[in-house]
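Written below as structure tokens is the structure these notes are about.
Read the figures in this text as sums done on the coordinates, not as results from a lab. Nothing here was measured: the structure is a model prediction, and the numbers come from that model. Here Cβ is always computed from backbone atoms with ideal geometry, including for glycine, and neighbour counts include all displayed protein chains.
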Amino acid sequence: MPHVPSEEETLAALLRATAARDKRAFRLLYEATSAHLMGLLVRMLRQRDWAEEALQDVYLRIWNRADSYAAEKGHPLAWMMTIARYRALDLLRARRELVSLDEPESTPEPRDHAPGPDDEAVTQEGLHRLDQCLEGLPGEQRDVLLLAYYEGYTHTELSTRLGKPLGTVKSWVRRGLQRLQECLDR
Amino acid sequence: MSRLSPQAREHLAASYVLGTLTGPARRAFERRCEQDADLARRRSRWERAFADLQRGFTPVLPREGLWAQIEQRAERAPIRPEPSVSALARPASVPATEAPAGVTPVLVARRDRPGQPAPARAAEPSAPPVRGRSTRRSASAGVSPLWRVWAIAASLLATALGGVLGWQLTRPEPVPQVVEAPIRYVGVLTVDGGHWVVETVEGSGVLKIRTRGSPRIPARNAPELWWIGADGTPRSLGLLPREGEAERAIPALPGAEAPVFAVSLEPPTGSPSGKPTGRVITQFPALTDL
């Protein structure tokens, strides 16, 4: 029975070919992944034209840095989305100096992680996934971590959003991360 | 930072990945990771952990015209030296309309209209963007794109992705070894109604400007772009267009640790004094190359 490459293997091969300047592979990589990166950018940056600009910057970085991907960095798509998220954070920081905050967003719930046909859930024995660990957190710690992750809020923005003192939200974030670490290390 | 306890390092890495580590501390952490393998490892572990949350983002299909823009920028990117490049033969089935890489486009002002491929530039062989996927994309709006690519990539892998297919790289002259890429400064300058993206590479003497949306500027003013380096002296980079794209020559800029782009409202022909005379309407600490 011939080996059918997994999604992970396919994307990793496309990244390797992209690093070797194979533009067809780069295009395939883009087609396979751009909707996921765009979804992240649209969510965090809110404005479509900003997200489009950032998407281009991110794929250009991937074009230039495809050779820095290695299997130990995790799933190829996760690696690419991390690059996109960092770009969004950088843009948000500068922009929020100029633009006032939007209406408060409700805290997002992580999507249901039951494995489905789209998922290639890789779980190892004894490895707690972050979402499971998050569920074990007190509500305010979970809320600030999710808001920081999905909306890109700083401590100050969290404080404004939630109407709580700056010191309080900083402490929630700190404790939340600490608990996550303990949970992940178990 | 090397004196920090493991616990403190973990917290730094976690807050960096989460995004709550901001400003100069964030930049310092990035620099530190380049030299501190332990810190880089911790960061990598947190990145993998937080990747779980990425499924919470709903996919959004980018508009059709974006790929062409990315492709063009990739063509202009400096070609990094490859350890074992053999000439990639072009199989007979590859359409002849694909453009060779390594051609430097002539710098011209152009207007970017969404959904349309950019017009061919003067000195470049005419090369329409690679087409072919548009109908498939619109027909599968509800399906995960990852599944769509399987069939294509599997056949590519079967024919040894490593070097059979691809662009023919034509190099009329030897490509210089890029030892250390010069710094690229990027600014995003937002006002009501739109924004500009400006970009210059250290030492290039060239400024690129892209206008997005319709930046609202009073009719009696012109927006002028300034570069503010370490000494705090604004240096004019010229007037910004109300729409479209432009590239222009600029004077050599002094190197700067954390330069800032700023825009002020000036008379229609620009500041008469060589310094900002009107209100500063937006500014942006330059992002260096990703």
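Details
- Separation in nanometres of the label points that stand 7 Å from Cα toward Cβ, at A:Arg175 and B:Thr269: 6.5
- The distance between label points at B:Asp231 and A:Arg186 comes to 6.0 nm (points 7 Å beyond Cα on the Cα→Cβ vector).
- Cα-projected label distance for A:Glu140 with B:Thr277, points at 7 Å along beta-carbon direction, nm: 5.5
- Taking amide H positions as modeled 1.01 Å from N, with prolines and chain starts lacking one, no residue 5 or more places away or on another chain lies under 5 Å from B:Thr58.
- Extension gain from A:Ser6 to A:Lys164, taking 0.36 nm per residue of separation minus the Cα-Cα distance: 52.3 nm
- For the stretch B:14-79, the list of trypsin sites (Lys or Arg not before Pro) that fall in a loop by DSSP and count at most 14 other C-beta atoms within 10 angstrom reads B:Arg63.
- Taking one quarter of the surface of the C-alpha convex hull of the stretch A:31-93 gives a mean projected area of 4.1 nm².
- Take each residue of peptide A:15-22, count the partner chain Cβ atoms within 10 Å of its Cβ, and average: the result is 5.
- Among A:Leu147, A:Gly163, A:Gln181 - extreme Cα towards positive end, dipole of the stretch A:125-186, charges at beta-carbon: A:Gly163
- Potential lengthening of the chain between B:Arg73 and B:Ser204 amounts to 45.5 nm, from the contour at 0.36 nm per residue minus the alpha-carbon distance.
- Once the C-beta distance of B:Glu243 and B:Leu61 is scaled by a Förster radius of 22 Å, the resulting FRET efficiency is 0.25 to the nearest 0.05.
- Remark: mean inter-chain Cβ contacts per residue of B:207-215 equal 1, using a 10 Å Cβ-Cβ cutoff to other protein chain atoms.
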